[in-house]
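Below is one structure, written out as structure tokens; comments come after it.
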Amino acid sequence: MTQISQSTFSAGLLDADFPAPPGLTNAAGEHSPRRYAVYRNNVFMSLRDALGEAFPAVKKLIGETNFNNVASDFLRSNPPSSPLMMYYGAGFPEYLENVPQLSHIGYLPDIARLEQAMRHAYHAEDVTPADPSALSHMSEAALLATKFVFAPSVHIIKSPWPILSLYNFTMLPNQPKPQRRAEDILITRPEFDPQPHALPDEGAVLVESLIKGMTFGQAIEQAGETLQLELALSLLLTSGAVTQFITNEET
Amino acid sequence: MFDLERGLPAKPGVGYKPQHFTDIIDAPGQVGWLEVHAENYMGLGGRPLAQLHALSERFPISVHGVGLSIGSEGRLDPEHLSRLKKLVDWLEPASFSEHLAWSTHDSAFFNDLLPLPYTDGTLAKVVEHVQQVQDLLKRPMLLENPSSYLKFEESTWQETDFLAEVAKRSGCGLLLDVNNVFISATNLDYSPQSYIDAYPTDLVGEVHLGGHDEDKDEFGAPLLIDSHGREVADPVWTLMDYTFEQMGPRPLLIEWDTDVPEWSVLSAELDRAATALDKAQKVRV
């Protein structure tokens, strides 16, 4: 009697060329690869659909047929490593970088990174944003010595491409045609819907430095002279990105 | 031990989809309880958990796992178990259920309910895993019968006996998916009524109904596929009536997971579920 281990059963689930294991039959006891193929098809389609749901802008940009081909190749070598399908596709942006047929769409991996970050932000822990008025009574010295604590939903995406303009142009109606420029994105989640914001010049360095635990003054220095400080600070304070200001006295 | 008097009410329930949140709050119709897939609520926060919390204040909730891989040869994933514990402790649902199936092997998660042979060895493993889950959650769980597309030559147990023995040894209850019974019986050429006759119906804490697709195998034999993407088929409703005649009314879930329709379509299925439950009630009285 053929015994089928789960290694044997699963070996052909992601590979259509792999023969169906022996010992799997129909009611009459006849070997039936077609029946095994139902599982293979379920696995394949469910993972492909999960990637399509996770990366709708990538799918729209390259079209359903191309997306399905790329997703199928990806999932064969990258099945999920956890049952939390909401996070599936961690390696997909990097994978896209190495698909020769897509190399002419240089911004595609960054669009995938943006979608992935939005998805993580969607499921991030709930927090209450800090009240920006806490900063208004501070002396300049105290402000520069302040550290910022960020919401778990905050993500930064840096790109040499206009990825937010491209993303909006792809996903929303009546958007202007993207102009060729670099765009860095700050993702926040004020309540339940993640919001991507374009960061002003050197704003990404400022926020990344703050996230690393630098004081506001140190982060400004890190960002350099071309930093559009007022724009960056106003975005941080109005977007719900910050959950706490730690003043010098508290540290 | 499983206790029929605890758990979900013997009313129609529906598999909750976020796009129906407002409809369910505004026009619940026959909805007596809701079922959610555990894994969709294992994020850290945000809208999914907020909606679930709001719904749990109005309806009994059934948490239905699709990723625990209870039928695994190997051990259950400790990280996944602790996520499940966190969800169940937070939500305190009316019921927790999982499948007689596996989905994880060598750290790959296949996102499908894969079949296992029914042998003494797999029986012992399933019992061990069910007990582990029940010890962790400090409550009995329900175990669902699969939809089968094929037979393992090595199986030595009938599915109904296998499930009864798992329940006897572990103290779990059972989730009877009547659509799965119909699918398996058609695919493996036996009478679905005889399956119900042999099934330990006194242990049923919940019933599932969903839609299936029709195909054929390479020999031209019918091959039904559990798709949860359409209305419950008429012969499945007939089998449901037969089952209720044997065991009386039980919590009855409508599952619709792919190509999810507008609320009105689901609501009509729930009306049909309510009618089936009413009929079962009258037969008992």
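The values are calculated or read from the model by the stated rules, or taken from the named source; none is laboratory data. From a predicted model like this one, the values you see are computed outputs, not experimental measurements. Cβ sites come from the backbone with ideal geometry, for glycine too, and all protein chains shown count toward neighbours.
Some observations on this one:
- Tally, over the range A:126-149, of residues that are over 32 Å from the mean Cα position of the chain (by Cα), of a type in the set (G, A, S) and exposed (fewer than 14 other Cβ atoms within 10 Å of the Cβ): 3
- Of the residues making up the range B:138-154, those that are over 20 Å from B:F182 (Cβ atoms) and not in a strand (DSSP E or B) are B:K138, B:R139, B:P140, B:M141, B:E153, B:E154.
- For the residues A:G217, A:G240, the requirement of being part of a helix (DSSP H, G or I) and either over 28 Å from B:G46 (Cα atoms) or in contact (Cβ under 8 Å) with a residue 12 or more places away in the chain (or both) singles out A:G217.
- Qualifying residue in the range A:76-89 (condition: of a type in the set (A, V, I, L, M), farther than 30 Å from B:T122 by Cβ and within 14 Å of another protein chain (Cβ to nearest Cβ)): yes
- Some residue of the range A:21-35 being among the β-branched types (V, I, T), in a loop (DSSP other than H, G, I, E, B) and facing chain B (nearest Cβ under 10 Å): no
- Considering the range B:32-48, and only residues there that are surrounded by 23 or more Cβ atoms within 10 Å (Cβ to Cβ) and charged (D, E, K, R), the residue that is nearest to the other protein chains (Cβ to nearest Cβ) turns out to be B:E39.
- When B:L253, B:L224 are screened for being part of a strand (DSSP E or B) and within 22 Å of B:G7 (Cβ to Cβ), only B:L253 passes.
- Residue that is surrounded by the fewest Cβ atoms within 10 Å (Cβ to Cβ) [pool: residues in the range A:36-58 that are more than 7 Å from every other protein chain (Cβ to nearest Cβ) and within 16 Å of A:P19 (Cβ to Cβ)]: A:N41
- Condition met for B:H212 (closer than 13 Å to B:G15 by Cα, surrounded by 15 or more Cβ atoms within 10 Å (Cβ to Cβ) and within 17 Å of the chain's Cα centre (by Cα)): no
- Scanning the range A:17-35 for residues that are polar (S, T, N, Q) and buried (at least 19 other Cβ atoms within 10 Å of the Cβ) turns up A:N26, A:S32.
- Residue that is farthest from the other protein chains (Cβ to nearest Cβ) [pool: residues in the range A:63-72 that are of a type outside the set (S, T, Y) and assigned to a helix (DSSP H, G or I)]: A:N66
- Of the set (1) away from chain A (no Cβ under 14 Å); (2) surrounded by 19 or more Cβ atoms within 10 Å (Cβ to Cβ); (3) in contact (Cβ under 8 Å) with a residue 60 or more places away in the chain, all apply to B:D202 but (2).
- Selection count, the range A:73-125, where residues are in a helix (DSSP H, G or I) and under 12 Å from the mean Cα position of the chain (by Cα): 19
- Of the numbered criteria (1) touching a helix residue (DSSP H, G or I) at 6+ places or on another chain (Cβ under 8 Å); (2) surrounded by fewer than 19 Cβ atoms within 10 Å (Cβ to Cβ), the one B:D120 fails is (1).
- Qualifying residue in the range A:169-185 (condition: outside any strand (DSSP E or B), over 24 Å from the mean Cα position of the chain (by Cα) and surrounded by fewer than 16 Cβ atoms within 10 Å (Cβ to Cβ)): yes
- Number of the exception - A:K60 against (1) more than 24 Å from A:G12 (Cα to Cα); (2) free of Cβ contacts under 8 Å to residues at least 60 places away in the same chain; (3) not in a loop (DSSP other than H, G, I, E, B): (2)
- Candidate set: the range B:215-247, residues that are farther than 23 Å from B:V260 by Cβ and within 14 Å of another protein chain (Cβ to nearest Cβ); chosen: the one surrounded by the fewest Cβ atoms within 10 Å (Cβ to Cβ): B:G220
Results for (1) within 12 Å of another protein chain (Cβ to nearest Cβ); (2) part of a strand (DSSP E or B); (3) touching a Lys or Arg at 6+ places or on another chain (Cβ under 8 Å); (4) touching a residue at least 12 places away in the same chain (Cβ under 8 Å), shown as yes or no for each residue.
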{"site": "B:D23", "(1), (2), (3), (4)": "no, no, no, yes"}
{"site": "B:Q30", "(1), (2), (3), (4)": "no, no, yes, yes"}
{"site": "B:A50", "(1), (2), (3), (4)": "yes, no, no, no"}
{"site": "B:L55", "(1), (2), (3), (4)": "no, no, no, yes"}
{"site": "B:R58", "(1), (2), (3), (4)": "no, no, no, yes"}
{"site": "B:L68", "(1), (2), (3), (4)": "yes, no, no, yes"}
{"site": "B:L76", "(1), (2), (3), (4)": "yes, no, no, yes"}
{"site": "B:S82", "(1), (2), (3), (4)": "no, no, no, no"}
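- The residues of the range B:112-132 that are of a type in the set (V, I, T) and within 14 Å of another protein chain (Cβ to nearest Cβ), listed by number, are B:T119, B:T122, B:V126.
- Flag if A:T8 is among the β-branched types (V, I, T), within 7 Å of chain B (Cβ to nearest Cβ) and surrounded by fewer than 17 Cβ atoms within 10 Å (Cβ to Cβ): no
- Residue within the range A:192-207 that is at pLDDT 95 or above, crowded, with 16+ Cβ neighbours inside 10 Å, within 14 Å of chain B (Cβ to nearest Cβ) and closer than 22 Å to A:Y107 by Cα present: yes
- The listed residues are B:F109, B:F96, and the only one of them that is facing chain A (nearest Cβ under 10 Å), under 29 Å from A:R48 (Cα atoms), of a type in the set (F, W, Y) and not in a helix (DSSP H, G or I) turns out to be B:F109.
- Each residue in the range A:107-125 was checked for being within 11 Å of another protein chain (Cβ to nearest Cβ) and either in contact with a Phe, Trp or Tyr (Cβ under 9 Å, 6 or more places away or on another chain) or acidic (D, E) (or both), and 5 of them qualify.
- Unique match (being modelled with pLDDT under 95 and among the hydrophobic types (A, V, I, L, M, F, W, C)) among B:A38, B:A27: B:A27
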